[in-house]
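This report concerns only the one structure given below.
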Amino acid sequence: MGRYLGRRLIELIPVFFGVLLVVFAIAHLTPGDPALVMLGERATPEAIERLRDQLGLDEPLHVQFFRYMGRVVRGDLGESIQTDERVIVELGQRFPATVELTLAAMLVASLVGMLTGAIAAARQNSWFDGASMVVALFGFSMPIFWLGIMMILLFAATLGWFPISGRLDFTIDLARRTNLYVLDGLLSGNWAAVGNALRHLVLPAVTLSTVPLAIIARMTRSSLLEVLRQDYVRTARAKGLAETRVVTRHALRNAAIPVVTVIGLNVGSLLGGAILTETIFAWPGVGRLVVDAIFARDYPLVQGAVLMIALIFVVVNLLVDLSYVYLDPRIRYG
Amino acid sequence: MSERAVVLSAPARVRMTAGFYADAWRRLRRNPAAMAGMAIVLLFALAALAAPLIAPHDPIEQDLEGRLLPPSAKFLLGTDDLGRDLLSRIIYGGRTSLSVGIVSVGLALAIGTLLGLVAGFYGRWADSLTMRTMDIMLAFPATLLAIFIVGIRGPGLNNAMLAIGVINVPIFARIVRGSVLRVRQEDFVEAARALGASQGRLLRHHILPNILAPVIVQSTLGIGSAVLEAAGLSFLGLGAQAPTPEWGAMLTNTREFLRDAPWAATFPGIAILLTVVGFNLLGDGLRDALDPRLRQ
């Protein structure tokens, strides 16, 4: 396992390099002079020249790229055009909100998705199976930005069960350590804050979880159906084990590998979906930061955020691969 | 049966001829879910094509007196914040959304298929170079990459189509490469090669026709997800620009008058959802029909 881990970590280097190259290449697709685009038509020639110099735009492309790579490796993603703050600092401030949202969505999607898929498979061709797969089809096809608006309409504007936007009421006092508000509330034993943060989290998390939930439910169902046809499941049944025990103890673990793969792959769609969800619910995370930065033509910020999200996605995929070893002892890595 | 006859009959059995597609069509017709999907897709496509004939009002003409009117006999789905007829905008919006879906998938199909063919057929460094590049593109969350491309190139439908096309290229390249690797092992390709067929002829006449099935399936599913991506980009203000009717863009500012005019936020979303469901049902059905072995 140690050697395998080492090899996989070394393999990450060219991937990181490639991701950097793609981000750099796309960032240079700007039509016209990036400095002019960023500063707007009314900028003075001196200001444009200063920015060109600051961004190193007069250097040959390959020099610019290696310089960019050198800076990124040192953790320097440049400065925001709007605030002059370091991009890495801006991202760091917004990052916990996105982490909290995506973790909550992943939790909802995994738990509800696996449970639904497992029940659907255990009762194949029942009304529950049929209904849940139709719902999954709609969930899989769902424009989540629309679902978010509908959730706000029903659960916030009409029923008033949940707040419309934000992460925490202004009236709530919370000692911030991790900036994951639910966790901060738990750490300080501030139950009012935990409840309030959770109430803010429900609608965005459920909205964001919809597509992965549907995919996980479908995958769990088909994977479990496959496993339930195996001989050892028939043996377990023949021993007289209760059906619940057969499904939960014998079949589910073996059906888990494709499900874990799907969960891992969906981290990408969650991070992408977070951009839309954060926009609808005014959730102050990295996703909304990206959208705002695009409209403010704050390219260093956009570029830094995209790079960071992509690198996180790469690392998550590695973790998913590593988790197979625990799920299936037959898989050995040398 | 002689040795020679066996060799000659093998290709006829494996190759995807007109009979293969006729069989697939028969299987597709017997699949009610797929037929429902096809009906939905055809309905939206026909409505988009016939928009000028069937739309009751001008989709762009504003009537500030008639803002946010609820559904009525005159405006079947109500009006939006600028007094424009929602039904007409949804019908015309289908033109935009479906065109974006078809054009961007067409772009991805053309480039992805070419790359996949080259990688799978020529192998070696062409394969490594192409597929590692595709892996790197897949290292980005698709929506994020699309937003990044449009964000840098500037908002607008053309850039949205380009971005959605780009994020779909690796998917087609992978599928085509995998199929080429499988098909080029087949006896009929060996036979054609032994008969002296050129590489171009092998690719065009023997390999390409036999990898079409997964490409057709992916194109169908891809148009559905492209419609979804495009609507998402337009919702953020990065795709279609005002006053072009587009389903995602129609939802952009509906939050501001959600309580007063919930219909303005409801109907465009239903149009997106139904269209994507239609393409997904049809795509799943096509997969079952074109590759019965995959059916579960």
How large is Rg/Rh for the range A:47-160, to two decimals, with Cα atoms and a Kirkwood Rh? 1.24
What is the fewest-to-most order of B:H57, A:H62, B:H205, A:H200 by other Cβ atoms lying within 10 Å of their Cβ? A:H62, B:H205, B:H57, A:H200
What size of dipole, in debye to the nearest 20, comes out for the range B:12-146 about its Cα centre when the only charges are +1 on Lys and Arg C-beta atoms and -1 on Asp and Glu C-beta atoms? 960 debye
From phi via Karplus (6.51, -1.76, 1.60), per-residue ³J(HN,Hα) for the range B:130-137 in Hz, x at Gly/Pro: 5, 6, 5, 4, 5, 4, 5, 5
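Pull out a ≥ b ≥ c, the square roots of the eigenvalues of the alpha-carbon gyration tensor of the range B:229-296, then state rounded if a/c is under 1.5, prolate if not and a/b is larger than b/c, and oblate in the remaining case.
prolate
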Stokes-Einstein diffusion coefficient for the range B:63-147 at 37 °C in a medium of 0.692 mPa s, Rh from the Kirkwood formula over Cα pairs: what value in µm²/s? 197 µm²/s
Residues other than A:G40 with Cβ under 14 Å of its Cβ, Lys/Arg counted +1 and Asp/Glu -1, net out at -1
Dimensions of the range A:113-257 along principal axes (Cα, Å, largest first)? 60, 34, 23
In this structure, the FRET efficiency calculated for A:L187 and A:S165 from their beta-carbon separation, with R0 = 22 Å, to the nearest 0.05, is 0.30
For chain A, the Cα convex hull volume per residue in Å³ comes to 187 Å³
One-quarter of the Cα convex hull surface for the range B:24-169, in nm²? 13.0 nm²
Would you mind checking the radius of gyration and Dmax of the range B:161-263 based on alpha-carbon positions, in Å? 21.7, 73
Reciprocal mean inverse distance between Cα atoms of the range B:97-254 - Kirkwood radius, Å: 16.6 Å
Spread of Cα-to-Cα distances over 5 Å intervals beginning at zero, given as percent, for the range A:1-64: 4, 15, 17, 16, 12, 9, 8, 6, 5, 4, 2, 1
If every alpha-carbon in the range B:16-70 counts as one equal scatterer, what log10 I(q)/I(0) does Debye give at q = 0.19, 0.21, 0.23 1/Å? -0.82, -0.89, -0.93
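Cα convex hull of the range B:117-182: how many Å³ per residue?
80 Å³
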B:P70: net charge of surrounding residues, Cβ under 14 Å, Lys/Arg +1, Asp/Glu -1, itself excluded? -1
Report Rg/Rh for the range A:266-317, rounded to two decimals, where Rg is the Cα radius of gyration and Rh the Kirkwood radius. 0.98
At most 16 other Cβ atoms within 10 Å plus a DSSP loop assignment makes a site exposed; report the longest stretch of chain A without any exposed GluC sites (Glu not before Pro). A:86-334
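With each run of n ≥ 4 DSSP H residues scored as -39500 (n - 2.57), what mean residue ellipticity at 222 nm is computed for the protein assembly as shown after dividing by its residue count and rounding to the nearest 500 deg cm²/dmol?
-23500 deg cm²/dmol
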At 20 °C and 1.002 mPa s, the Stokes-Einstein diffusion coefficient in µm²/s for the protein assembly as shown, with hydrodynamic radius from the Kirkwood sum on alpha carbon pairs, is 80 µm²/s
Can you tell me the dipole magnitude for the range A:110-221 around its Cα centre, using point charges on the Cβ only (Lys, Arg +1; Asp, Glu -1), in Debye to the nearest 20? 200 debye
Positive-end extreme of charge dipole, the range B:162-240 - chosen from B:V166, B:V183, B:A213 (charges on Cβ): B:V183
Using only the alpha-carbon atoms of chain B, report the extent along each of the three principal axes, biggest first, to the nearest angstrom. 83, 43, 32
Distance between modelled label sites at A:Q82 and A:V134, nm, 7 Å Cα→Cβ extension: 4.5 nm
Taking the square root of 5 times each eigenvalue of the Cα gyration tensor, what semi-axes in Å does the equivalent ellipsoid of the range A:233-298 have, largest first? 46, 11, 6
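Here, each number is a calculation from the coordinates, and none is a lab measurement. What you see is a predicted model, and the numbers here were worked out from it, not measured in a lab. Quick reminder, even Gly has a Cβ in these numbers, built from the backbone with ideal geometry, and neighbours come from all protein chains shown.
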